[in-house]
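The values are calculated or read from the model by the stated rules, or taken from the named source; none is laboratory data. The model shown is predicted, which means the values in this text are computed figures rather than measured ones. FYI the Cβ positions are ideal-geometry reconstructions off the backbone, even for glycines, and counts take in every protein chain you see.
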Amino acid sequence: MDYHSLQEKISRLDGVEAARVVAADGHIDEIHVLARRTKAAKQLVRDVQSLAQALYSISIDRRIVSVVQLADADLDAGNRPALVDVSEALEGSRAEVTVTLRWQDSLLIGKAAGAAAAVNRARLVAEATLGAVRQAINTDAAMAITSMDVPSLGSRRVAIAQVVLVNEGAERMLIGSAYCDDDETRSVVRAVLDALNRVLPDLKEA
């Protein structure tokens, strides 16, 4: 089964901006769809199921299809990664964070797992964000989170990310920040992207 072909066909459905098929061992585990608000999410899921059945004779369980719908203004952002979604799954004492970004026509999904401790949450979100970005940059570039903190600045909290970038033998320290409003985890993602946004266009894989 050509999962890349299925992913490409899904991305061409009416209203769909980008799609990502996650498969392993010959089995589809997840399908992520980013779409405009021109159709109901349930209809988009049915479209994915119908397409898979008609073209590939594959029966898709609706529960593995996740749809994120954004306003046109959000989808028409510039040539930099945009935050789509952040989710967290808990299993006993461990947590797994998933960050989904959109960069041009691609959905980038990064995951990070670790101790389910409040003090570790921002770090996991930051690591998952880097994991997503790494999928779209050239393999010669390496990045790591050196510091991730959410201190108070006056009367507001602010997410501050420090990232080290190693590329072509040179090491650079980058820093980014974002005010924490309603959702601290999304602010952590934005802080990491703020640190990287100035260099990412030059690192994007051709």
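Take the residues in segment 23-39 that are surrounded by 15 or more Cβ atoms within 10 Å (Cβ to Cβ) and part of a loop (DSSP other than H, G, I, E, B); name whichever of them is modelled with the highest pLDDT.
Filtering segment 23-39 for residues that are surrounded by 15 or more Cβ atoms within 10 Å (Cβ to Cβ) and part of a loop (DSSP other than H, G, I, E, B), the one modelled with the highest pLDDT comes out as K39.
What residue, among those in segment 172-206 that are part of a strand (DSSP E or B) and in contact with a Ser or Thr (Cβ under 7 Å, 6 or more places away or on another chain), is nearest to G131 (Cα to Cα)?
Selected residue: A178.
Quick check on segment 101-126: of everything there that is at pLDDT below 90 and polar (S, T, N, Q), which residue is surrounded by the fewest Cβ atoms within 10 Å (Cβ to Cβ)?
Q104
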